[in-house]
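Some notes on the structure that comes next.
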Number of protein chains: 4
Amino acid sequence: MYHFKNDYAEGAHPDILQQLLITNLQQQPGYGEDDYSLAAKNIIREKTGNPNAAIYFVTGGTQTNLLVISALLRQHEAVISAQSGHIFVHETGAIEAQGHRVITVTTDNGKLNVAGIEKVLQTYSLRPHMVKPRMVYISNATEIGTIYTKREFEELSAYCRAQHLYLFMDGARMGHALTAENNDLTLADIARLADVFYIGGTKNGALLGEAIVFNSPDLAPEFDYILKQKGALLAKGRILGIQFLELFKNDLYFDLARHANRMAMKIAAAVKACGYTFLTESTTNQIFPILPKALIKKLSEKYLFFEWQEIDEARSALRLITSWATEEAVVDEFIRDLKEGLPMNK
Amino acid sequence: MYHFKNDYAEGAHPDILQQLLITNLQQQPGYGEDDYSLAAKNIIREKTGNPNAAIYFVTGGTQTNLLVISALLRQHEAVISAQSGHIFVHETGAIEAQGHRVITVTTDNGKLNVAGIEKVLQTYSLRPHMVKPRMVYISNATEIGTIYTKREFEELSAYCRAQHLYLFMDGARMGHALTAENNDLTLADIARLADVFYIGGTKNGALLGEAIVFNSPDLAPEFDYILKQKGALLAKGRILGIQFLELFKNDLYFDLARHANRMAMKIAAAVKACGYTFLTESTTNQIFPILPKALIKKLSEKYLFFEWQEIDEARSALRLITSWATEEAVVDEFIRDLKEGLPMNK
Amino acid sequence: MYHFKNDYAEGAHPDILQQLLITNLQQQPGYGEDDYSLAAKNIIREKTGNPNAAIYFVTGGTQTNLLVISALLRQHEAVISAQSGHIFVHETGAIEAQGHRVITVTTDNGKLNVAGIEKVLQTYSLRPHMVKPRMVYISNATEIGTIYTKREFEELSAYCRAQHLYLFMDGARMGHALTAENNDLTLADIARLADVFYIGGTKNGALLGEAIVFNSPDLAPEFDYILKQKGALLAKGRILGIQFLELFKNDLYFDLARHANRMAMKIAAAVKACGYTFLTESTTNQIFPILPKALIKKLSEKYLFFEWQEIDEARSALRLITSWATEEAVVDEFIRDLKEGLPMNK
Amino acid sequence: MYHFKNDYAEGAHPDILQQLLITNLQQQPGYGEDDYSLAAKNIIREKTGNPNAAIYFVTGGTQTNLLVISALLRQHEAVISAQSGHIFVHETGAIEAQGHRVITVTTDNGKLNVAGIEKVLQTYSLRPHMVKPRMVYISNATEIGTIYTKREFEELSAYCRAQHLYLFMDGARMGHALTAENNDLTLADIARLADVFYIGGTKNGALLGEAIVFNSPDLAPEFDYILKQKGALLAKGRILGIQFLELFKNDLYFDLARHANRMAMKIAAAVKACGYTFLTESTTNQIFPILPKALIKKLSEKYLFFEWQEIDEARSALRLITSWATEEAVVDEFIRDLKEGLPMNK
């Protein structure tokens, strides 16, 4: 059985493990004050073109989201998210557990736009009987594989600034977004247009780790306390620093994401060639082909994937995820199996 | 400069890194459902003699403490700790941030006893105007290097059960406690006498990781939700499972702790031989020698350590910590430097 | 200007003030242990036919909701509400501030049914990545004036028990529900079918005060601690006890609600007679007539009310609320003004 | 049996009830926007000499403390209190339930001073492993009847400003403090020197109610949301406004407190005349005489009071509390009974 279920089925990219080995017995200060973490932060500051960015490494996406959101919001403030947003769907109420409502906007493509946010502000206007929307949370790539264009992101950013809304980008799959064929955003754009974002390591080749980037250090001047208080400050912070250093010093991060995207697009092209359609217009490493149920059953004998949604009696949409570690040979085999499933080939 | 400042200055024991390498490309389910985690849990169940224990792996001690305490306490309940307890001193109010008071008892030796807890129960009796004490938190080894005897621990356990108090042992340095020369407790004793405890990996050779052990699975039947909600559930749970499997399959865990203790005791013997005394009666890997300030200054040119407390104008107590990675050659050098500091040798 | 904006524009029913005067200098224990509170609880236990009910008096509806919900739910559990539910719309995220998600179900009539809840359970099934639905919150009368029939409520209750969901009825306007012309529920039915409910005083003639009724005392055995911890335990608990005693000893509570309903229904009949329609099928003291904007403008010169929702370019729905204190003469005048607004009368 | 157990055994001062009656049927906006509340705020602004003060009325002391403290502190910040402070002793962990540690300082007289706070700042300096002290909480009068002098309060205020610590005065018994014979503080001093304080109504003649005064409106610009979110915003806010208006429009507030103090001092003088001593140097309405246990037993047959603390085998300290409602005739009788208890009189 081969995994197309997620992008964290393997360990880390071998170069990362190699660095852990090489540095292993170097004594270092704890709690993120090690040389590797400092160097990794400097490289990320360079790549984002923002020498003042305040950067913190933590272990996972849900942790990141609850830390950032609770650090920036006051108790009566709320965050706006697409209804498909990770904080609303798959984080076990982590944001509410920090005391904040997640206000949702229904979207088809997983992306928020100004109109949707505007409507929320209108609905939530009866002060003080309603929470105060104060942050916009977006994911790039989204949870359904789509990405924000530069124009879309600029519009959001301008609107958020005008409305005093923080703009926070969840970058669990930022590598995949920035290396998508139709992408026109850069890390520097994101640093310029968002208030805070994170760069996901776990889903792009690290053992674990996400890099939180506050574009202005004024945004969370005491974030270190919050990290510690919520159990997110590793004694051996080095293991996060070493990984991000390795990922960014030679753009390995983007190479890995590009591979994942290429594998997904290769499958997508085959799906299309077979005449099947998709649930979403993904250009990243998650695709949602709509296939006949009989074919799905057949594929599920060799491959692991998530049956996302039933379309009708005969068809369902799958979620297939590729990663830095996806073997092209398996992808080719999958494509062969897909084609064999075509009626004419049976 | 050589680190005696903490027991997490290096990476992981090489055998652990080796296992990460060997298993790296094996595809595995996420979120702790991987084969390694399951195997590691089984070995720990065996070692504790409790086939029903519910075990969870997380990334650090503060995270563990806030998860366990918030999972077991209702909102109006409080935890009792020694004033020197880690949850009171060094966790940035993590327990209060979960809504619970930490009630402290002043002790000389870092250990709680029945008399101290009894007094708390008397003080906190004016229902409903006071929180309800509901848990006793102890550390073994304690934050000042001492350990609980079997008898002490049995007394605590019997009292807690009679008073409906949960007994939770923080085992960040449990390896060091159980391998101390004066120890008479076993892992099985702890499993029998505590309600919940954790086995620290971070401070004993792992890259990161603590194993939470609920001795009865009824205690936290939905702990998985809480792990996820608080950002403690790693997508690649395998990296914790692999490490604990390696630490426990051949008792590496205890060998590493024994080494750390031996290094500390070697220094302690030298300190004693020099005629100096100690602030606490430690038999584990943290010792607190009281030394002349001039000598401290001299030692601080070559070694990193924490100046714990001023004793008088001429002397201070240091905290020296050894670890699985402490090199015996450096310990010997430190002892030489210590002896050279003696007046007669100057 | 006359208020049809809410049912709390005046002070208290004169009989209640009279009792406050009569009892004023009687010394009594504090914190709800006074004779009046004890007597009031006994009467409520009688009226509900449940001698074991655990009853607590607090000062307002939002306070009640946050106390009850946070007392019954564990941290990873959530409450299901209609999208129009007070806890979702008008309590400034009070439930989320206690750490819990409010899961909403869209309904036309403000009422939850089994199908809606069932769908929530299906959606929230991916343990542990989603919160666990654990309580159903309903309002009777609802926020749009409708009421639950006995049959509807029995179905909900049976389903909730089968699914281990707590059933909590918000009775801010319970008096109005139970005295509506189409009502077939009794206080005893509610005590039998819900796990917990509250009887609203603030909106039915008290200065302030709501009575929380746990039908089983096992549900919140330490609720007194929680009341105190959240600032809801009045030193002079007597002022709540005296009011509920007066409201229930001779069924004043129901008389007041009946008056409010009668005033609303009188207006509703006139609205209907004029040929206008309603946004909701209310039989209680909140009605939502759809009127021409010109007429609304005219009425707004003499009466205060809430413009609830625009229907089209020419019409809007109002919310008119009557209360125990609404003067029939004013209602008659309002009706006259309404009729004068008819095209033929202009 | 006559109550010396607390100062909330009766209802409200008759003038207050009278005002509730007079105003009862006046229609008013809800949620504190009524004319009475606005007028009461204006009078308090006048009395404090601060036209910009932001004032909110709530129902009780614990509620006030948790609202103010949680509104001003960020999640990693803590409040410093005397160990005898109400927030530490008698509020069921309300502050911790909001996520904040209460750091205590041991004092003999219930008062904090600069030296005590300074020591806390030194202890809590290991960023980010410890919470950040950010507020100083004091009570005036204190929980043991003592009061702050102007000089003491000025020193505290200067120190807090220099150290960026909010200074919050709990005035549950502020009337008693400001009318004590040895008082030299004014309401205007407090408005000038504290950041926020509250004026207690419940313990000085109101049915219920406390007035929170932010000396600078910038301190909590969105406090209205927080009031609502935590269930503290009364629909009929008028009942708080009416009471504070009555209490302050003719200084009734101070007259009531003066009476309570005079009753206590009358008893205290008799205690002294009998040759007994006191546990604390109270000049307000709570006194703590140390009496022979036999005498206490005798007194307890006619009077209710709290046995505060055993002094030795023969003696205990009582807490006797007088109030605006304490009858002088009963005080005289108590004094007679006290004198009859003298050995020579037996």
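Where a number appears in this text, it was derived from the coordinates with a stated rule and is not lab data. On a predicted model such as this, the values are computed, not experimentally measured, just so you know. Don't worry about glycine lacking a Cβ; one is built from the backbone with ideal geometry, like all the others, and counts go over all protein chains shown.
Some observations on this one:
- Shielding by other protein chains, D:233-242, mean Cβ within 10 Å: 5
- Here the chain D residue lying nearest the rotation axis onto C, judged by its C-beta and given with the distance in whole angstrom, is D:59, 3.
- Peptide C:20-31 - average C-beta neighbours from other chains (10 Å radius): 6
- At least 15 Å along the helix axis (C-alpha) and Kyte average at least 0.0, DSSP helices within chain D: D:61-72, D:238-249, D:252-273
- Neighbours of residue B:265 by Cβ distance under 11 Å: Lys/Arg scored +1, Asp/Glu scored -1, total +3.
- With a Förster radius of 45 Å applied to the C-beta separation of residue B:298 and residue A:18, the computed FRET efficiency comes to 0.70.
- In this structure, the residue pairs whose Cα-Cα separation is over 22 Å, taken from D:111/D:302; C:249/D:230; A:119/C:298; B:298/B:339, are D:111/D:302; C:249/D:230; A:119/C:298.
- Label-to-label distance for residue B:309 and residue B:269 is 2.7 nm, based on points extended 7 Å past Cα in the beta-carbon direction.
- In the assembly of identical copies, residue A:302 has its label point, taken 7 Å from Cα in the direction of the beta carbon, separated from the corresponding points by 6.6, 8.2, 9.9 nm (ascending, one decimal).
- Rg to Rh quotient for chain B, alpha carbon positions, Kirkwood Rh: 0.99
- Relative contact order (percent, whole number), region A:124-278, Cα cutoff 8 Å, 6+ residue spacing: 19
- Between copies, the label points of residue A:217, set 7 Å from Cα on the Cα→Cβ line, lie 3.5, 5.1, 6.1 nm apart, reported in increasing order to one decimal in nanometres.
- Nearest-first distances (nm) between copies at residue B:126, label 7 Å from Cα via Cβ: 3.3, 4.1, 5.0
- Partner chain coverage, peptide A:198-209 - average Cβ within 10 angstrom: 2
- Dipole magnitude for region A:231-346: about 100 debye, using +1 per Lys or Arg Cβ and -1 per Asp or Glu Cβ, origin at the Cα centre.
- At 0.692 mPa s and 37 °C, Stokes D of region B:1-75 from Kirkwood alpha-carbon radius, µm² per second: 211
- Value at 222 nm in deg cm²/dmol, rounded to 500, when DSSP H runs of n ≥ 4 in the protein assembly as shown each add -39,500 (n - 2.57): -12000 deg cm²/dmol
- Of the trypsin sites (Lys or Arg not before Pro) in region A:235-340, those whose Cβ has at most 14 other Cβ within 10 Å and which sit in DSSP loop: A:302
- Computed over region C:14-250: relative contact order in percent, which uses C-alpha pairs under 8 Å that are six or more apart: 32
- Here the residues C:7, A:15, ranked from fewest to most Cβ neighbours within 10 Å of their Cβ, fall in the order A:15, C:7.
- Protection proxy ranking of C:121-128, D:239-246, by the mean of other Cβ atoms within 10 Å over each peptide's residues and highest first, is D:239-246, C:121-128.
- Of the residues A:197, D:306, the one with the fewest other Cβ atoms within 10 Å heads the list, and the complete ranking is D:306, A:197.
- Where only alpha carbons of the protein assembly as shown are counted, the Rg and the Dmax (Å): 33.8, 118
- Looking at region B:21-88, the GluC sites (Glu not before Pro) that sit in a DSSP loop and have at most 14 other Cβ atoms within 10 Å of their own Cβ are B:33.
- Relative contact order (%) - criterion: Cα under 8 Å, at least six apart; region: region D:55-153: 31
- Order of A:100, D:176, D:129 under a 10 Å beta carbon neighbour criterion, fewest first: D:129, A:100, D:176
- Efficiency of FRET between residue A:126 and residue D:25 - r from beta-carbon atoms, R0 25 angstrom, step 0.05: 0.35
- Within region B:14-250, percent of DSSP bridges classed antiparallel, to nearest 5: 40
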